[in-house]
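Structure first, then comments.
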């Protein structure tokens, strides 16, 4: 009978032969965790690679690979004729309470180590974005109508002709041809007055909000936020330590006089004037002028989020507030992600000239720059007229989809859902009129992956409306009608 080699028993090492990770990697990770947690004490002798391979039913090379990696990292000490022993000393091991529960590294045991800003930033405020196409997802573009072949040829052309020029580090403020194309487009389509140097290319509107909060707000500064309003803006300002002051919205948009009364010394006002999120109303001209006068007199800033104003169905898109600003107090944020496709990750922020250097430096310090190939392709897409053509086609398609949703709501949901303003944008807010809570309705809708969002969490005050935020741009007319029927059946069950 062969002599059994000395060493500790290691039953927990049995590898998962059907797993995705290689067997030697599984052995390495399990041994490493056992050493760090103290399950294998310092100077414990391990079985030989031959013995362990026989006991586990794996090749000796598999065990040798795991041992060699542990030896290289200092967890094992291997000597010819003496075998392998645990080399990590007692004081270097992790506490058992931490090592045994690695999932807690993202939980409460680590929370006290966060800064106050980190604790605010880590709050679960924003709902997760769906990874698939759901009928009512707000602000989801019509991916089924996107000119993928044209975009693919555009990207390939830029890659072929630019070569290494697009493989180096880019300018923090963005690719100049794209900044020039954005400035030209905004001047004609949105009435924005700016030079290309005032345009910063970012990855998202959320990044524009975060940069603005970091650079313009100090701890405790008051910020006007539309009530109800965009959760992403609330998260950005609260994480910066600002004091968010909700300002009610009515049929003419933000009630500037209420904001002036409640927080006259606010440092910044965040608005979605062309298509208020989520109610869909438009900020009237008198209130736009009043907002600009307040900002000028108070040396405050206005952050204009123009997230989907390109899509207006009864009239031409309304001019931006930024074009009315003569005092240089407005920052203008826009995005390509809601016009093209979400994973493009290209947006922009137009800042007053006095802020250009500061925002460029902050962009360099926090994120460097946006991918150059995507920027070059987007610039060519705009210069060749493809972007304007795509916008025209989407306006027609979204108008048809909006009409289909409104018609279905009238036919199927009359008496319990009342649509709000729907002259523009990519969503409609429908108010619950039967006394039900939107939380209950959306919970049922989620079981069928409808993508509806709750209205009530978008309020900060006590006067909360119950309703659903229903996107219509990402689904076909037939799909929207079917989704409304499904939603109504769920409500009646």
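The values are calculated or read from the model by the stated rules, or taken from the named source; none is laboratory data. Note that this is a predicted model, so its numbers are computed, not measured. Counting neighbours? That spans all protein chains shown, and the Cβs are built from the backbone with ideal geometry, glycine included.
Data for the structure
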{"quantity": "Flag for residue 349 being under 21 Å from residue 237 (Cα atoms), touching a helix residue (DSSP H, G or I) at 6+ places or on another chain (Cβ under 6 Å) and without any contact (Cβ under 8 Å) to a residue 40 or more places away in the chain", "calculated": "no"}
{"quantity": "Wholly enclosed helices (runs of 4 or more DSSP H) of segment 354-468 bearing at least 3 residues within 23 Å of residue 139 (Cβ to Cβ)", "calculated": "372-383, 386-412, 438-446"}
{"quantity": "Selection within segment 262-271 - in a loop (DSSP other than H, G, I, E, B) and either outside the structural domain of residue 286 (by TED's automatic domain parsing) or farther than 23 Å from residue 211 by Cα (or both)", "calculated": "264"}
{"quantity": "Lone unmet requirement of (1) crowded, with 18+ Cβ neighbours inside 10 Å; (2) within 23 Å of the chain's Cα centre (by Cα); (3) more than 25 Å from residue 390 (Cα to Cα) for residue 206", "calculated": "(3)"}
{"quantity": "Segment 150-164, subset more than 26 Å from the chain's Cα centre (by Cα) and without any contact (Cβ under 8 Å) to a residue 40 or more places away in the chain, residue farthest from residue 362 (Cα to Cα)", "calculated": "153"}
{"quantity": "Among (1) in contact (Cβ under 8 Å) with a residue 60 or more places away in the chain; (2) in contact with a strand residue (DSSP E or B) (Cβ under 8 Å, 6 or more places away or on another chain), the one test that residue 454 misses", "calculated": "(1)"}
{"quantity": "Odd one out for residue 241 among (1) over 18 Å from residue 380 (Cα atoms); (2) surrounded by fewer than 21 Cβ atoms within 10 Å (Cβ to Cβ); (3) modelled with pLDDT of 95 or more", "calculated": "(3)"}
{"quantity": "Residue in segment 464-474 that is in the same structural domain as residue 347 (by TED's automatic domain parsing), surrounded by fewer than 16 Cβ atoms within 10 Å (Cβ to Cβ) and touching a helix residue (DSSP H, G or I) at 6+ places or on another chain (Cβ under 9 Å) present", "calculated": "no"}
{"quantity": "Counted residues, segment 357-384 - those being surrounded by fewer than 17 Cβ atoms within 10 Å (Cβ to Cβ) and either farther than 17 Å from residue 154 by Cα or in contact with a strand residue (DSSP E or B) (Cβ under 6 Å, 6 or more places away or on another chain) (or both)", "calculated": "8"}
{"quantity": "Where a residue in segment 80-92 is modelled with pLDDT under 80 and its partner, wherever it lies, is surrounded by 12 or more Cβ atoms within 10 Å (Cβ to Cβ) and part of a strand (DSSP E or B), with Cβ under 6 Å and at least six apart", "calculated": "83/45"}
{"quantity": "Hits in segment 294-322 (condition: crowded, with 18+ Cβ neighbours inside 10 Å and in a loop (DSSP other than H, G, I, E, B))", "calculated": "300, 306, 307, 308, 309, 310, 311, 317, 318, 320"}
{"quantity": "For residue 271: the one exception among (1) at pLDDT 95 or above; (2) surrounded by fewer than 23 Cβ atoms within 10 Å (Cβ to Cβ); (3) touching a strand residue (DSSP E or B) at 6+ places or on another chain (Cβ under 8 Å)", "calculated": "(2)"}
{"quantity": "Positions within segment 409-433 being surrounded by 23 or more Cβ atoms within 10 Å (Cβ to Cβ) and out of contact with any strand residue (DSSP E or B) (no Cβ under 7 Å at 6 or more places or on another chain), in sequence order", "calculated": "425"}
{"quantity": "Boolean, residue 325 is buried (at least 18 other Cβ atoms within 10 Å of the Cβ), over 14 Å from residue 212 (Cβ atoms), over 20 Å from the mean Cα position of the chain (by Cα) and assigned by TED's automatic domain parsing to the domain that holds residue 161", "calculated": "yes"}
